[in-house]
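Just below is one structure, and these are the notes that go with it.
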Amino acid sequence: MERLRSSPLHANISTALDKHLESIHVVQARRKDEIVSASSRQRHGPPRCQDERVVLALAAALRALGLATRKVRTVLWCAFQMTLPK
């Protein structure tokens, strides 16, 4: 979009994209933690309180990802509107 516009886009656009990518990485890490927790639970017996914390951390990461996704969709729509010829 910057090439179409022949000028750099607003700094908030790249910031929103960076936060979205960071949110994706956090969700991936929390999901890996959940998988490890679930596999160790199968070996060691009944679920523990720590398993709930892992699931709650994943839920919080998914919520943050949803918020970041909504923001980045809006930011990209605005950037697209700015690149359209008048």
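The values are calculated or read from the model by the stated rules, or taken from the named source; none is laboratory data. Source: prediction; values computed, not measured. With ideal geometry, Cβ positions are generated from the backbone for all residues, glycine too; neighbour counts draw on all protein chains shown. Accessible surface is based on the protein model in full, side chains and every heavy atom, while ligands, DNA and RNA are left aside. Shrake-Rupley method; radii C 1.70, N 1.55, O 1.52, S 1.80 Å.
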Just to be sure I understand the filter: pairs with C-beta atoms under 7 Å, separated by 6 or more residues or on different chains, first member in the range 12-39 and among the hydroxyl-bearing types (Ser, Thr, Tyr), second member open to solvent by 40 Å² or more (accessible area, probe 1.4 Å). Which pairs pass? Ser23/Ala64
Within the range 63-81, which residues are β-branched (Val, Ile, Thr) and within 11 Å of the chain's Cα centre (by Cα)? Thr69, Val72
Taking only pairs six or more apart or across chains, which ones have beta-carbon atoms under 9 Å, a first residue in the range 55-84 that is more than 15 Å from Leu21 (Cβ to Cβ) and touching a residue at least 24 places away in the same chain (Cβ under 8 Å), and a second residue that is aliphatic (A, V, I, L, M) and open to solvent by 60 Å² or more (accessible area, probe 1.4 Å)? Ala79/Met1; Phe80/Met1; Met82/Met1; Thr83/Met1; Thr83/Leu4
Answer with yes or no whether Val26 is out of contact with any Phe, Trp or Tyr (no Cβ under 9 Å at 6 or more places or on another chain), modelled with pLDDT of 95 or more and of a type in the set (A, V, I, L, M, F, W, C). yes
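The rows are residues; the columns are (1) surrounded by 15 or more Cβ atoms within 10 Å (Cβ to Cβ); (2) charged (D, E, K, R); (3) modelled with pLDDT under 90.
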{"position": "Arg3", "(1), (2), (3)": "no, yes, yes"}
{"position": "Val54", "(1), (2), (3)": "yes, no, no"}
{"position": "Ala60", "(1), (2), (3)": "no, no, no"}
{"position": "Arg63", "(1), (2), (3)": "no, yes, no"}
{"position": "Val72", "(1), (2), (3)": "yes, no, no"}
{"position": "Trp77", "(1), (2), (3)": "no, no, no"}
{"position": "Pro85", "(1), (2), (3)": "no, no, yes"}
